[in-house]
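Asker: I'd like to ask you about the structure that follows.
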Amino acid sequence: LEDLWLETDAQNTPGTREERPNWRRKARYPFEAFREMPQVLETLREVNRWRSESATA
């Protein structure tokens with residue numbers, strides 16, 4: 001989900017169990033905020049369009 005708003009600080013970095021605590025940082029935005037974020041909505045609409053097109057192909 002964080003890719004939708006171009007998050008640069010990853011929640012999880014595979015292979016870094018000892019070096020970095022994974023899945024402990026809160027997301028920058030709550031899930032409910034997505035409805036108010038034009039960039040997120042536009043990206044999700046585009047993904048939905050691609051999925052619809054590939055389902056009919």
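Asker: In degrees, nearest 10, range 0 to 90: what is the angle between the Cα axis of helix 38-56 and the longest Cα principal axis of the chain?
Answerer: On a 0 to 90 degree scale, this one is about 60.
Asker: Which net charge results when you count Lys and Arg as +1 and Asp and Glu as -1 among the other residues whose beta-carbon is under 15 Å from that of ARG28?
Answerer: Here the charged neighbours net out to -3.
Asker: What number comes out for the charge environment of THR8, summing +1 per Lys or Arg and -1 per Asp or Glu over other residues with Cβ under 14 Å away?
Answerer: Summing Lys/Arg as +1 and Asp/Glu as -1 gives -2.
Asker: May I pose another question? Set the Förster distance to 30 Å, then compute FRET efficiency between ARG28 and ASN48 from the Cβ-Cβ distance, nearest 0.05.
Answerer: Working from the Cβ atoms, E equals 0.85.
Asker: How much mean residue ellipticity at 222 nm does the chain get from its helices, if each DSSP H run of length 4 or more adds -39500 (n - 2.57) and you divide by all residues, to the nearest 500 deg cm²/dmol?
Answerer: Calculated from helices alone, the mean residue ellipticity at 222 nm is -11500 deg cm²/dmol.
Asker: Classify the chain: rounded, prolate or oblate, from the alpha-carbon gyration tensor (a ≥ b ≥ c, eigenvalue square roots; a/c under 1.5 rounded; otherwise prolate if a/b is larger than b/c)?
Answerer: Cα axes put the chain in the oblate bin.
Each value in this text was obtained by applying a stated rule to the coordinates, not by laboratory testing. What you are looking at is a predicted structure, and each value in this text was computed from that prediction instead of being measured. Because the Cβ atoms are built from the backbone with ideal geometry, glycine has one as well, and the counts that use them run over all protein chains shown.
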